[in-house]
Amino acid sequence: MTWQDDAGRDLVKSFGARMQMFVRGEGSYLWDADGKRYLDFLAGIAVDSLGHAHPVFVDAIATQAATLSHVSNYFATPPQLALAATLKRIAGTGDSGRVYFGNSGAEANEAAFKLARLHGGAERPRILALTDAFHGRTMGTLALTGKPYMQEPFLPMTPGVEFIDSTVEALEAAIDDRVAALFVEPVKGEAGVLPLPEGYLAAAREITERHGALLIIDEIQTGAGRTGEWFAFQHEGITPDAITVAKGIGGGFPIGALITFGAASELFYPGTHGSTFGGNALGTAVAGAVLGEIERADLVRNAAERGAQLRQAIEAIDSDLITGCRGAGLLIGVGLRHPVAKALVAAAQEHGIVINAPNDETIRLVPALTIGDVEIDEFIELFTASLRTVEDALVLDASTGLSTSTEVPA
Ligand SMILES: *Cc1c(COP(=O)(O)O)cnc(C)c1O
């Protein structure tokens, strides 16, 4: 029996076939069971901020596990209070901010959805979200996710959510005083690393404020320094009513949070929300250590600088396949001229790099925030070789009439 047989028989079918089985990681590298090494530029989908098996991460887990892991939310613990204070500080909430802890991005957005309902009450039943944005897979967050093919098998959705294009004009046209909240994903990762138009967040802040609606920003993929600021909204210098975080905050430990600003911090009252595991001592100690290391090693700046360096190096590759790069910091989308993203991901795996394709014509690069010259140089060499493999296959296709393009599983 192979691991593929085991996975095919025992794991839920919603993910499709696993591409590889990894047994070990260190820094930006992964190893499979045969001892082959891979350069990891996916980092567990923007999760492994410090790379794999970082000593700070390992030590935080071991030390906290040996001290106190979980006592329930009837009680406070020092790492929980410390992480809440850190998140408030780096998000810039000031004293009036508050933090709700969950265990994933979806749970953070579920909390934000409930926050919007508490704010809206009966007078504001409408919630606006952006077409193509991704907010999660639970029934509540799926209702916020403007992708009909994802919703369709699970209809009916939680009512009240309307989808609008990511333009200021569309927002102006849709909003009124019956809107409780606007949900925004600042760089649409799953949709192909699509940044919002410049100035959108600032305009959205002004428009939502004018109509008494909350501005809720999903920073689950963009947060924890990934875009070259702690959070993507900070590039536009605005103050939202709430943000949600997860992925990179825990550096590989599952944790999510809703961070509220100002008056939105007073909406939840006792009994309106909760979680057994959310914010336990183990998870918050690890996230606190991860954020502490991001700060100590100046990795937010590294994300900005290495992101620019990586984009430049990719755009300098001599390949007709690449149309250009988009994104911010170390959240980079590489546009492709043909729908060959899945073939390129497979070729890259052969050449020893782990990358991902959010759609047929985009490669998403979200490496650890710790990368430097060595990783970037090696990536460019292996990515160039992978591009050559796909280009050669395209030439072959053209001569045989076959197709290299394949569908990317959602
Ligand atoms: C990953 C992601 C989510 C969902 O997070 P999970 O931890 O998978 O539930 C929500 N929003 C955005 C923008 C994401 O990238």
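The values are calculated or read from the model by the stated rules, or taken from the named source; none is laboratory data. The structure presented is a predicted model; accordingly, all values stated were derived computationally and were not measured. Virtual Cβ from ideal backbone geometry, glycine too; neighbours counted across all protein chains shown. Heads up: the accessible areas ignore ligands, DNA and RNA and are worked out on the full protein's heavy atoms, side chains in. Shrake-Rupley method; radii C 1.70, N 1.55, O 1.52, S 1.80 Å.
Numbers at a glance
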quantity	calculated
Among the residues listed as Gln20, Gln4, Gln80, the single one being more than 16 Å from the ligand (Cβ to nearest atom) and part of a loop (DSSP other than H, G, I, E, B)	Gln20
Qualifying residue in region 197-216 (condition: in the same structural domain as Gly120 (by TED's automatic domain parsing), within 14 Å of the ligand (Cβ to nearest atom), farther than 18 Å from His119 by Cα and assigned to a loop (DSSP other than H, G, I, E, B))	no
Residue among Tyr200, Tyr149 that alone is open to solvent by 10 Å² or more (accessible area, probe 1.4 Å) and of a type in the set (Phe, Trp, Tyr)	Tyr149
Residue match in region 57-72 (condition: β-branched (Val, Ile, Thr), at pLDDT 95 or above, within 16 Å of the ligand (Cβ to nearest atom) and closer than 23 Å to Leu258 by Cα)	no
Selection within region 65-83 - under 15 Å from Glu293 (Cβ atoms) and either basic (Lys, Arg) or open to solvent by less than 50 Å² (accessible area, probe 1.4 Å) (or both)	Pro79, Leu83
Filtered residues of region 233-257 (kept if within 12 Å of the ligand (Cβ to nearest atom), not hydroxyl-bearing (Ser, Thr, Tyr) and not in a loop (DSSP other than H, G, I, E, B))	Ile243, Val245, Lys247, Gly248, Ile249, Gly256, Ala257
Unmet requirement for Gly279, which otherwise passes all of (1) assigned to a loop (DSSP other than H, G, I, E, B); (2) open to solvent by less than 50 Å² (accessible area, probe 1.4 Å); (3) within 21 Å of Gly160 (Cα to Cα); (4) touching a Phe, Trp or Tyr at 6+ places or on another chain (Cβ under 8 Å)	(3)
Matching residues, region 325-357, being open to solvent by 30 Å² or more (accessible area, probe 1.4 Å) and either under 25 Å from Glu185 (Cα atoms) or small (Gly, Ala, Ser) (or both)	Arg326, Pro339, Lys342, Ala346, Asn356
Scope region 119-153; condition assigned to a helix (DSSP H, G or I), in contact with a helix residue (DSSP H, G or I) (Cβ under 9 Å, 6 or more places away or on another chain) and either over 20 Å from Gly105 (Cα atoms) or not assigned by TED's automatic domain parsing to the domain that holds Gly192 (or both); matching residues	His119
Flag if Leu142 is in contact with a Phe, Trp or Tyr (Cβ under 8 Å, 6 or more places away or on another chain) and over 26 Å from Pro358 (Cα atoms)	no
Filter pass, Leu155 being more than 16 Å from the ligand (Cβ to nearest atom), over 20 Å from the mean Cα position of the chain (by Cα) and touching a residue at least 24 places away in the same chain (Cβ under 8 Å)	no
Number of the condition not met by Arg24 [criteria: (1) in contact (Cβ under 8 Å) with a residue 40 or more places away in the chain; (2) open to solvent by 90 Å² or more (accessible area, probe 1.4 Å)]	(1)
Only one of Glu229, Glu190, Glu219 that is open to solvent by 40 Å² or more (accessible area, probe 1.4 Å), within 12 Å of the ligand (Cβ to nearest atom) and within 15 Å of the chain's Cα centre (by Cα)	Glu190
Subset of region 117-145 that is within 21 Å of the chain's Cα centre (by Cα) and away from the ligand (no atom under 12 Å from the Cβ) - its residue that is nearest to Glu190 (Cα to Cα)	Thr131
Search result, residues across region 283-299 that are open to solvent by 20 Å² or more (accessible area, probe 1.4 Å) and under 19 Å from the mean Cα position of the chain (by Cα)	Gly288
